[in-house]
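First the structure, which I've put down as structure tokens, then a few questions once you've had a look.
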Amino acid sequence: AFNEAFSDFKVCPEPDIAVGQISVSEAESICRALENKATTSETYDIVGVVNSVDEAANPSFGNATFRITDGKSFLIAFRCKGMDGARFTNANQVQLGDTVVVTGKLQNYNYTPEVSGGYLSDSTNPNL
């Protein structure tokens, strides 16, 4: 089931959502409605706060894996690229507490909500 393994996501503040963007909770609901391992055909802009970095931004591969939250739900940005699809160039380009907009298709991967083929389209991180 969703969220059972993650109790720390509730300590993050809820970020502001602009027109055309969706919250992590909305993204999770979309993922939950998908069949296992299914991906949306639509691309979404999901706003959240980084609350866990599973794989730091890796210059060799140019991507990172991290979790974002809205204080209610979580979403994994799996092998996410940097700003506007550029490669990450150093490990400090995704940090805990960054407010980010991840753009990509949503996926229900083994009953875990993920952004597939995503990239950052906005971030409060000054290292980008």
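The values are calculated or read from the model by the stated rules, or taken from the named source; none is laboratory data. What you are looking at is a predicted structure, and each value in this text was computed from that prediction instead of being measured. In this analysis, Cβ positions are derived from the backbone assuming ideal geometry, glycine residues included, and neighbour counts consider all displayed protein chains. The protein model used for the area step is the full one, side chains on, heavy atoms only, and it has no ligands, DNA or RNA in it. Shrake-Rupley method; radii C 1.70, N 1.55, O 1.52, S 1.80 Å.
What is the helix-to-structure angle for 24-33, meaning the angle in degrees between its Cα long axis and the longest Cα principal axis of the chain, kept from 0 to 90 and rounded to the nearest 10?
With both axes taken from Cα atoms, the answer is about 50 degrees.
I need the phi-derived Karplus couplings for the range 35-44: 6.51 cos²θ - 1.76 cosθ + 1.60, θ = phi - 60°, integer Hz, Gly and Pro marked x.
In residue order, the calculated couplings are 5, 4, 6, 8, 10, 5, 7, 7, 9, 10 Hz.
Still on this structure, please answer the following. Which value, in debye to the nearest 20, describes the size of the charge dipole of the chain about its Cα centre when Lys and Arg Cβ atoms bear +1, Asp and Glu Cβ atoms bear -1, and nothing else is charged?
Numbers: 9 positive and 16 negative charges, 64 e Å.
In total the dipole reaches around 300 debye.
Quick check for you: with a 1.4 Å probe and neighbouring chains kept, what is the accessible area per residue of the range 29-128, in Å²?
Value returned for the range 29-128: 45 Å² of accessible area per residue.
Would you mind checking the range 102-128 for residues with the amide N under 17 Å from a putative spin-label position 7 Å along Cα→C-beta of residue 72?
113
With a 10 Å radius around each residue's Cβ, average the other Cβ atoms per peptide and rank 32-40, 77-85, highest first.
The peptides rank, most packed first, as 77-85, 32-40.
Provide the three semi-axes, in whole Å and in decreasing order, of the ellipsoid equivalent to the chain as defined by the square roots of 5 times the Cα gyration tensor eigenvalues.
Sorted largest first and rounded, they come to 20, 16, 14 Å.
Would you work out which of 93, 103, 116 lies farthest towards the positive end of the dipole of the range 71-128? Charges go on Cβ: Lys and Arg +1, Asp and Glu -1.
116
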